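First up is the structure itself, then whatever we jot down about it.
Bear in mind these aren't lab numbers, they're just calculated from the coordinates by the rules spelled out. Everything quoted here is computed from the prediction, not taken from an experiment. Cβ placement follows ideal geometry from the backbone for every residue including glycine, while neighbour counts extend to all protein chains displayed.
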Number of protein chains: 2
Amino acid sequence: MNLDNKVSQLAKRRGFYFQSAEAYGGVAGFQTFGPQGAELKRNIEESWRDTFSRGLGHKEIEGPTVMPEPVFQASGHLDGFDDMIIECPECGTNTRADHLVEDNTGVEEAEGFSTEQIEGLIKEHGLVCPECNEHLAGVEVNDFNLMFKTSIGPGDGTNGYLRPETVQGIFTEFPRLKQYARNQLPFGVTQIGKAYRNEISPRKGLVRTREFTQAELDLFIDPEEDRPDLTDVKDIELKLYSVEEQKSDEGEYIVATVEEAIEEEIIGVNWIAYYLGIAKEWYKEIGIDMDRFRFRQHQKGERAHYASDCWDAEADISGEDEEEEWLEIAGFSYRGCYDLKKHGQHSGNEREFKIFKEYDEPVVQEETKVDIDMGILGPEYGDEAGEIAEIIEREVRQAPSVAEDGPIFVHLDGEEHAVDNSAVEVSVEEVKKTGEEITPEVVEPSFGVDRTVYTVLVHGYNEDVVDNEKRTVLHLSNEVAPVEVAVFPLMDKEGLGDRAREIASELRDSGLNVEYDDSGNIGKRYRRQDEVGTPYCVTVDYETLEDEPETVTVRERDSTEQERVKINELEEYLSSKL
Amino acid sequence: MNLDNKVSQLAKRRGFYFQSAEAYGGVAGFQTFGPQGAELKRNIEESWRDTFSRGLGHKEIEGPTVMPEPVFQASGHLDGFDDMIIECPECGTNTRADHLVEDNTGVEEAEGFSTEQIEGLIKEHGLVCPECNEHLAGVEVNDFNLMFKTSIGPGDGTNGYLRPETVQGIFTEFPRLKQYARNQLPFGVTQIGKAYRNEISPRKGLVRTREFTQAELDLFIDPEEDRPDLTDVKDIELKLYSVEEQKSDEGEYIVATVEEAIEEEIIGVNWIAYYLGIAKEWYKEIGIDMDRFRFRQHQKGERAHYASDCWDAEADISGEDEEEEWLEIAGFSYRGCYDLKKHGQHSGNEREFKIFKEYDEPVVQEETKVDIDMGILGPEYGDEAGEIAEIIEREVRQAPSVAEDGPIFVHLDGEEHAVDNSAVEVSVEEVKKTGEEITPEVVEPSFGVDRTVYTVLVHGYNEDVVDNEKRTVLHLSNEVAPVEVAVFPLMDKEGLGDRAREIASELRDSGLNVEYDDSGNIGKRYRRQDEVGTPYCVTVDYETLEDEPETVTVRERDSTEQERVKINELEEYLSSKL
């Protein structure tokens, strides 16, 4: 059984996650988080919030998951958010055509190819339907839009879509968000929430689902002014798999500090280097194994046309003797001003998607002013006078010299009019400008929460031998473990159970996440807690009640070592460790 | 301006909530929570979780928002989750027909009427389109399903729906959830998440949106065994608007403790009384004004056919001189075994939706065993022998005496066969049963989170006069206030700003939600914090740096009183108050 299977079985057994609606046969791509998984996921989200939202002074919002069509016309998702699909004429199975090619030929990154190219490769390699082995040569490859569509309102309604990424809810609300930031750049906005992609071939488990959670951050900056404060991050070491290293194919990484990566231009955008540093520390904190972690730069063909540099955080999710399998768990991209410009244009509210940038000092500029005497143009040109005046104004503004000598020649509807320059007066005025409207640029770290949950479980999973007995244990970090302390009575007898319940309740009141368990023997209960990654187990036994002051045993998960602790020091003991 | 307008404007101005996608003209029924609103909402959710999930030992799960069609066939939403709609033949506007009747006639609770009855009332009262005044007599009233529909998977896909309530995700997963509860009743499962209803006429703001958040709890019980532990709730006083009081129409309430309400049978289900007690204390804690709060019992016509008793928590959201307006903010219903039975039947997995209930002691039952000698029946009846044997077995089991004397008469396909009783041997065996499969019953408190956010704002909103100046203030409870402490320097000069930033950062590290502000004069900054309901403002002034040890002023929101506090005691001072 491979590591993925082991983790999935543990996840099902202990209530981390499982296929939704199994009683109905399930629907591929939808998972439910059980009690332990929901708590683990919330802990990861809360930790992300502490680091990337509160910790950086960014503001979190919560927008709807259903959004109207024009938003996705602007963002480009309506036209471009497609995967290539091929339907088997024999059995009707739909397959992702680029994956079919990648899996069965030497071709990599087929996602960037055209449907015609993919059709050609299917023919050339004689590829067959993975379900029924029917030959697919000559079968049409089509684009399939990955957004879930619905209809809003009664009757025919208007088209709505489940958002394919949470950030469109941030861009769309920029006009208000800039107010809350008092029109001062830089400012960052975050959102943690559901996003949806109607994947053609979802994978089992949490890796490629159709409904998932993203934690995204959009930092809006003035690219001319705003630089990251590197004080706290400059010495953080990054393991970088740059485009160069990927080409060399030797699987080597560049190890560089954030500062070095910027100075040596390994990372093209200083803000990205800054966020990679923060992200690395965060991943470490939540228990991602740094030996199975790297940052990989996007190849040119991979990144969106508007992104000038893009790096992914990747985790190796393979087991010990398995082939390496790198999974993207976050992306860091520089989106420039692409999104705000598009939303400005499509909504017809361009100014709302800009921000007024005040100059340090007002700037005095010369501006050409053109006065046209309509008392002259009117009688001469009648209905056309207005249009002619407009053309003259535009031309003279561009090149004031045309009004200097002789008539001004205006072309209108195929006719040429010679307008006497006495009708036109040109002057130059000094205008004081205090600032200008600029479109902020965007740096966007975007995290997949479900994949992070999965990686935390995979990296935490271990089988070892304790007291000659095999055990399965999750080495979860204290930061995210769903249960922090389990409290057991040796037996639910002679007051031990009551005392243990009291202690559990007191620890709970102190803010810890505590589970009480009295079922089965102590060994079984330890195994149960090991499997959900509980860092500490507290046992109330007969000595507890005899000792003065009372004592309990505290057993640590990883070492399985036990220590006798006085009850009146228990809370402090645990808090200092957790 | 009425209270609702005032709160909405404050909400927009200060970033609590606002219409989504305003730049695109917005779509009715979708709201975005700004930075303050998202924090307030999360605080309310976290407080609910503490009380109803962790506090009661219930387990929280997180399921998908998109669910497959068979789930809603089972739950009844596909067929019955409709509102009545009438489309104006003149202007095309769709109106909710029962609301049209209620708003323009003396008729109440029109929701329970048939479409024909509504058509009749529209004709009788000569009702017109609210948009264009066209007469609607004779226009068809139709049922409109309120679920958002989508398609899952490529090609034609399968039908999926955005869940109209979060609980269906709990019922659907019952087969696994009972495992995590080790098959022991009672156990409770909670879920906080998005739900969706394609309302015909959404209201502005948070009151009736198309996408909203629910916090729901399903307690699964054995109705014969499980009773609530009333120890902590029995003396809590409830303001009850029972069906009786509603009929009397004098607007009087019954005030009774939880215990009295059960004993005097004002509340029919003891578990509902239990949860009303817990809910009341919770609402008080998060700042709902108890003078504008009540529990209202559902009329018989209002509640679902499967619910034996149902109460709503209601809040009056009207302003001081406005007519009372009671808003449902939670519902508490006894759903019996309706949902689990339905899911068992529709999924074809009935046993999975039951739980094995062990008897205290095994029960020994007598069971009649019928042995039929096919060596006799076979030769005599040929092809019909099997069927005849089945009939005999059934009949003898029901009444063993028929096999005692003479032949047994079997009717098959219009013929009567007399079977000699020597072919049939009857014996009685003792069978030991250790338990039986039962379908648990469900108690379901269900909370509307968005409406709770709205009520907290409405009940917290106030305008008063401070130092001869009008101020707007939100009296939010410390439990939910989005900002707990604001820290200001008198001016960002001479080290005051730096010191204030340090203090803000230290308070943040101690776990408080802190905002730093140095823009505008102090008065303006106090007003700003009053408007978002910040309980305490800390100001760093020149005295701060001179005093030994350093001191700051702490200003309390409601009284606006200021106190000088030593910096080394500040954290403790604030923690004790918050």
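Which cross-chain or sequence-distant (5 or more) residues have an amide H under 5 Å from the amide H of residue B:486, H modelled 1.01 Å from N in plane?
Those qualifying (amide H under 5 Å, at least 5 residues apart or on another chain) are B:515, B:536, B:537, B:538.
Could you give the alpha-carbon Rg of chain B over 2.2 N^0.38 Å, rounded to two decimals?
Ratio of Cα Rg to 2.2 N^0.38 Å: 1.30.
Just going by the charge dipole of the protein assembly as shown, with Lys and Arg at +1 and Asp and Glu at -1 on Cβ, which of A:117, B:578, A:104 is farthest out on the positive end?
It is B:578, whose Cα lies furthest towards the positive end.
Give or take rounding to whole Å, what are the principal axis extents of the alpha carbon atoms in region B:360-437, in descending order?
Per principal axis, max minus min of the Cα coordinates gives 49, 26, 22 Å.
For residue A:326 and residue A:79 in the same chain, what is the full-extension length gain: residue separation times 0.36 nm, less their Cα-Cα distance, in nm?
Fully extending the segment from residue A:326 to residue A:79 adds 86.0 nm.
Roughly how many debye, to the nearest 20, is the charge dipole of chain B about its Cα centre, given +1 on each Lys and Arg Cβ, -1 on each Asp and Glu Cβ, and no other charges? Intermediate results must be reported in sequence, preceding the final value.
Working: 60 positive and 129 negative charges, 563 e Å.
Charge dipole of chain B: 2700 debye, to the nearest 20.
Find every distance from the label point of residue A:379 to the corresponding label point in the other copies (7 Å from Cα along Cα→Cβ) and write them in nm, one decimal, shortest first.
In nanometres, ordered from closest: 13.6.
Counting other beta carbons within 10 Å of each residue's own, what order do A:443, B:269 fall into, fewest first?
With the fewest neighbours first, A:443, B:269 line up as B:269, A:443.
Whose amide H sits under 5 Å from the amide H of residue A:329, counting only residues 5 or more places off or on another chain, with H placed in the peptide plane?
Amide H neighbours of residue A:329, under 5 Å, 5+ apart: A:313, A:314, A:315.
Once both axes come from the Cα atoms, what is the angle between helix B:35-48 and the longest principal axis of chain B, in degrees from 0 to 90, rounded to 10?
Compared with the principal axis, the helix lies near 50 degrees.
Around residue A:421, with a cut-off of 10 angstrom between Cβ atoms, what is the net charge of the other residues, counting Lys and Arg +1 and Asp and Glu -1?
-4
Taking 0.36 nm per residue of sequence separation and subtracting the Cα-Cα distance, how much length would be gained by fully extending the chain between residue A:6 and residue A:415, in nm to one decimal? Provide the component values of the computation, followed by the final result.
Values: separation 409, 0.36 × 409 = 147.24 nm, distance 8.22 nm.
Separation in residues times 0.36 nm, less the Cα-Cα distance, equals 139.0 nm.
Take the Cα atoms of region A:483-577, find their three principal axes, and give me the spread along each one in whole Å, biggest first.
Taking max minus min along each principal axis of the Cα atoms, region A:483-577 gives 32, 30, 24 Å.
Which of the lysines could a cross-linker span from residue B:493 if the Cα-Cα distance has to be under 25 Å and same-chain partners fewer than 8 positions apart are dropped?
Of all the lysines, those that pass the test against residue B:493 - Cα under 25 Å, at least 8 places apart if same chain - are A:357, B:524, B:566.
Could you tell me which of the pairs B:204/B:300; B:239/B:470; A:12/B:280; B:239/B:300 are separated by over 28 angstrom between their Cα atoms in the structure shown?
Listed pairs above 28 Å: B:204/B:300; B:239/B:470; A:12/B:280.
Taking each label point as 7 Å beyond Cα in the direction of the beta carbon, state the distances from residue B:524 to the same residue in the other copies, shortest first, in nm.
Result, one decimal in nm: 6.8.
Please report the net charge: other residues with Cβ closer than 13 Å to the Cβ of residue A:364, K and R +1, D and E -1. Please list the in-between numbers first.
Details: positive: A:432, A:433; negative: A:361, A:366, A:367, A:429, A:430.
After counting each charged neighbour, the total is -3.
How far, in whole Å, is the nearest Cβ of chain A from the axis relating it by rotation to chain B, and which residue carries it?
A:150, 3
Given Cβ point charges of +1 (Lys, Arg) and -1 (Asp, Glu) and nothing else, what value in debye, to the nearest 20, does the dipole of region A:360-437 about its Cα centre take?
So the magnitude is around 140 debye.
Can you tell me the 0 to 90 degree angle between the C-alpha axis of helix A:449-460 and the longest principal axis of chain A, rounded to 10?
40
Can you give the angle from 0 to 90° between the axis of helix B:270-285 and the longest principal axis of chain B, with both taken from C-alpha atoms, to the nearest 10?
That helix lies at roughly 10 degrees to the long axis.
Of B:551, B:414, B:273, which is farthest on the positive side of the dipole of chain B, counting Cα position, with +1 on Lys and Arg Cβ, -1 on Asp and Glu Cβ, and the Cα centre as origin?
B:551
What does the copy distance list look like for residue B:348, label position 7 Å along Cα→Cβ, in nm and ordered from shortest?
List, nearest first: 5.4 nm.
Remind me, what semi-axes does the protein assembly as shown give for its equivalent ellipsoid, largest first in whole Å, using sqrt of 5 times each Cα gyration tensor eigenvalue? Write down the numbers at each step before the final one.
Details: eigenvalues 640, 320, 285 Å².
Ellipsoid half-lengths, sorted descending, are 57, 40, 38 Å.
Can you check what the net charge comes to around residue A:87, using other residues whose Cβ is under 12 Å from the Cβ of residue A:87 (Lys, Arg +1; Asp, Glu -1)?
On the way: positive: A:96; negative: A:90, A:131, A:134, A:140, B:156.
Spelling it out: positives minus negatives among the neighbours equals -4.
In sequence order, what are the phi-derived ³J(HN,Hα) couplings for region A:66-79 according to the Karplus relation 6.51 cos²θ - 1.76 cosθ + 1.60 with θ = phi - 60°, rounded to whole Hz, with x for glycine and proline?
So the Karplus estimates, Gly and Pro as x, are 9, 10, x, 3, x, 4, 8, 5, 5, 6, x, 5, 5, 9 Hz.
I'd like the distance between the alpha-carbon centres of region A:513-578 and region B:276-337, rounded to an integer number of Å.
Cα centroid to Cα centroid, the span is 43 Å.
Please list, or write none, the aspartates and glutamates whose alpha carbon is within less than 16 Å of the alpha carbon of residue B:123, excluding same-chain residues fewer than 8 places away.
B:87, B:98, B:102, B:103, B:134, B:140
If you rank A:135, B:346 by fewest surrounding Cβ atoms within 10 Å, what's the result? Show your work: numbers first, answer last.
On the way: A:135 15, B:346 18.
Starting with the residue having the fewest Cβ neighbours, the order is A:135, B:346.
For region A:356-410 and region A:7-38, compute the distance between their C-alpha centroids and round to whole Å.
Computed from Cα coordinates, the inter-centre distance equals 71 Å.
Taking the alpha-carbon distance from residue A:369 and a cut-off under 17 Å, which lysines remain once sequence neighbours fewer than 8 residues away in the same chain are dropped?
Qualifying lysines at Cα under 17 Å: A:432, A:433.
Would you kindly state how much longer the chain becomes between residue B:203 and residue B:543 on full extension, computed as 0.36 nm times their sequence separation minus their alpha carbon distance, in nm to one decimal?
The span from residue B:203 to residue B:543 would gain 117.2 nm if fully extended.
By counting other Cβ atoms within 10 Å of each Cβ, how are A:101, B:27, B:363, B:428 ranked from fewest to most?
Listing A:101, B:27, B:363, B:428 from fewest to most nearby Cβ atoms yields B:428, B:363, B:27, A:101.
Could you point to the residue in B:423, B:372, B:442 farthest towards the positive end of region B:360-456's charge dipole, with +1 and -1 charges on the Cβ of Lys/Arg and Asp/Glu respectively?
B:442
Do any cysteines in chain B lack another Cys Cβ under 4.7 Å, and if so which?
Isolated Cys, chain B: B:310, B:337, B:537.
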